[in-house]
2 protein chains.
Amino acid sequence: MHFSWHALGVTTGLRERKKQATRAALHESALRLVAERGLDRVSVDDIAADADVSPRTFFNYFPSKDDAVIGLDPEHPLRLAEALSARPATETPVQALRAVHAAEAARMAAETELWPLRLQVVDAHPALAARLTASFARSEQVLAEWLAARTGTRAELDVQPTLLAAVQGSVMRSALHRWRAGDYTASLPALVAEGWDQVEAGFPAPRH
Amino acid sequence: MHFSWHALGVTTGLRERKKQATRAALHESALRLVAERGLDRVSVDDIAADADVSPRTFFNYFPSKDDAVIGLDPEHPLRLAEALSARPATETPVQALRAVHAAEAARMAAETELWPLRLQVVDAHPALAARLTASFARSEQVLAEWLAARTGTRAELDVQPTLLAAVQGSVMRSALHRWRAGDYTASLPALVAEGWDQVEAGFPAPRH
DNA sequence: AGGAAAAGTGCACGCACTGCAAACATGCGT
DNA sequence: ACGCATGTTTGCAGTGCGTGCACTTTTCCT
């Protein structure tokens, strides 16, 4: 096959493809082993062995064991920013966020293997929950800046940008929580939408 | 004296007081040193030496270096639950949360030394941010259960409890963020209240 | 005072993570 | 096809976190 690999900037030589494969292998080994044995009964050496690389190589791909277990795309914040600025300028911020969330939820639900496992181990190990939340947090920061730019306010001092960015994370985490609690029978995008409905409507104000 | 010391487990003999003092000393040493030098230029041994205990003793008080730097009360979730159930049953959940948040914000703002330092180091070290968020997360879990009980819904499957618990955390984190961004000139309780106003009102729905 | 219980301490160990330098693989120009 | 430039893997050695264990010291209670 000599036709060019174009697609999503994914273009590949052998080198790039191998890197992707190794990264995925390490992540999947880490996730599976930890799901089976628990976090402290799996060493980095175990993971490296399972993925067939040297222990030292492990750290070329992930800065820590925890990160390998979570294994999220480190460029997610970037792609989030792109997805947002691709939305029509006529939308309100919430509309744009809903749209992006819907697409993201659909993508996540499609990984029928990884996300349930991730949620399982995250639930079993608070330290991993912290890492996962930290990953989301970096996206939230990007988001707050985008929101500030979009609404023309100063990012740091107004309520809206930083609060909405945080709330958006709450919507997603709450949806993931309920997805797992219901044994993945519900549709993740639907759960996310449900959260947004609640957020848009506001929470029960004092009865008047 | 033979009458029992009951109360809130608080009062005590020399033993308990010393423990409190040692814990506080370790936390303050950790926080100050990390603020000065950065997280990876401070070892557990440094902290222990600064607080005048043996390195081994350090781990009798905190399970990790990070936890010592953050140094939050491990029983916070419990006191949160108590504070909530002390609220009159006539209040809506949001009203009760606002009240509890207001008290908490006032208490935090009163620690004029610690919180600014905490926010500084948390801002400089993502790993610490993760720990801090993890601390909040446990309170959120307690909260979700309380909300579920209060509204008589099943905790795990309905939107309200888990989402509101998460959003409450968002309000607090957003307030802390803006508090720091404004160099602590604003009133923290006011910032928190501002967040709640926004949350109660709901976010800008599609223009009609 | 004296013994029980709790806290502090030293020692030894396993494992996470890092810098460095050497082997190895891949891409590219000729 | 060849060989050099560049990127990737690996081994080695070192630092520092965190833990189990056994022992000493301090506080508590009668």
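Of B:Leu163, B:Leu176, B:Leu157, the sequence from fewest to most neighbouring Cβ atoms within 10 angstrom is B:Leu157, B:Leu176, B:Leu163. Going by neighbour counts of Cβ atoms within 10 Å, the residues B:Thr92, B:Thr133 line up, fewest first, as B:Thr92, B:Thr133.
Annotated for the protein assembly as shown: lysine pairs at least 8 residues apart or interchain, Cα distance under 23 Å, count 5. For A:Gly169, neighbours were defined as the other residues whose beta-carbon sits under 11 Å from its Cβ, and their charges (Lys and Arg +1, Asp and Glu -1) total +2. Here the protein assembly as shown is described by how far its Cα atoms reach on the three principal axes: 89, 59, 40 Å, from widest to narrowest. If Lys and Arg each add +1 and Asp and Glu each add -1, what is the summed charge of the other residues whose beta carbon sits under 12 Å from the beta carbon of B:Asp45? Net of charged neighbours comes to 0. What does the charge count near A:Glu194 come to, summing +1 for each Lys or Arg and -1 for each Asp or Glu among other residues with Cβ under 13 Å from its Cβ? Net of charged neighbours comes to -1. With contacts taken as Cα pairs under 8 Å at a separation of at least 6 residues, the range A:76-201 carries a relative contact order of 29 percent. Note down the nm distance, to one decimal, between modelled labels 7 Å out along Cα→Cβ at A:Val142 and at A:Arg79. Here the modelled spin labels are 0.9 nm apart.
For the protein assembly as shown, the dipole from Cβ point charges (+1 on Lys and Arg, -1 on Asp and Glu) about the Cα centre works out to 100 debye, to the nearest 20. Computed over all pairs of different Cα atoms, the Kirkwood value for the hydrodynamic radius of the range A:14-70 is 11.0 Å. Projecting label points 7 angstrom from Cα along Cα→Cβ for B:Leu72 and B:Asp123 puts them 1.9 nm apart. Were the residues from A:Gln20 through A:Ser64 laid out at 0.36 nm apart, the gain over their Cα-Cα distance would be 14.1 nm.
If you look at the Cα atoms of the range B:63-131, you get an Rg and a Dmax of 14.7, 43 Å. Restriction of the trypsin sites (Lys or Arg not before Pro) in the range A:120-208 to DSSP coil positions whose beta-carbon has at most 12 other beta-carbons within 10 angstrom yields A:Arg154, A:Arg207.
Debye-formula intensities of chain B, expressed as log10 I(q)/I(0) at q = 0.08, 0.11, 0.12, 0.13 Å⁻¹, are -0.34, -0.63, -0.74, -0.86 (one equal scatterer per alpha-carbon, no solvent).
Expressed as a whole percent, how much of the Cα-Cα distance distribution for the range A:90-208 exceeds 26 Å? Of all Cα-Cα distances in the range A:90-208, 25 percent exceed 26 Å.
A short reminder: the numbers here are calculations on the coordinates, not readings from a lab. Remember, it's a predicted structure, so these values are computed and weren't measured experimentally. Please note: Cβ atoms are built from the backbone with ideal geometry, for glycine as well, and neighbour counts cover all protein chains shown.
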